[in-house]
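Step one of this worksheet: look at the structure below.
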Amino acid sequence: MTTPSHDAAAPVPVRVVLPADPVLGHPEQEVVARLWRRRQTETGWLYLVGLPSYRDLEDGDVEAAEYRVWVRAPEHVRPVDGVDYDQVVTDRLERSPQSAVREVLGERRPSGWVLQKLRGSHGPAGGVLHAPDCEEAPQGAPLLDVERALDVAEHPGTRLCTLCGAAQELTPLLRGFDHIDSATEGG
């Protein structure tokens, strides 16, 4: 059951707890984001939040953007004083475990990566790598397998999109997982 019955409810502010970064020495931080939806699962609650971000435009400009992600409540969210959360679209658990998992995780992302060429760039350098379903990904671009995507990502002029998770997924493959452990151990 979804309460209220419409999905067009306006988002409300919520504080999101960002993880600590031991590599950079940053403690946990809180940012105010927009709460779009709440979903009950067999293991607890998930909140769909829109985090403030930026995105690059093809003309080289930068604009404000929102990165939407499901986070666990209450571990990753805190209420904002004075905000009424009763109007947030809320999905209560009534479905089978398989359908709930599929609904929370969504359909599997298409495999592969696509390269968005930036103006004035030639060859694989000077572009942005995206997941194929990223809203910033160019339509009709050829699909790259992970090996080719890593080759392209090694070029200094290539950036990895942070909105769709390309940066989070490909960076450990580029730099190896060991660099994370050695950096946290002071080595």
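Which loop GluC sites (Glu not before Pro) in segment 52-86, with loop taken from DSSP, have no more than 13 other Cβ atoms within 10 angstrom of their Cβ? Filter output for segment 52-86: GLU58, GLU75.
Fully extending the segment from HIS155 to GLU66 would add 29.3 nm, taking 0.36 nm per residue of separation and subtracting the current Cα-Cα distance.
All of the numbers you see were taken from the coordinates with simple rules; none came from a lab. None of these values were measured; they are calculated from a predicted model. Ideal geometry is used to build each Cβ from the backbone, glycine not excepted, and the neighbour counts take in all protein chains shown.
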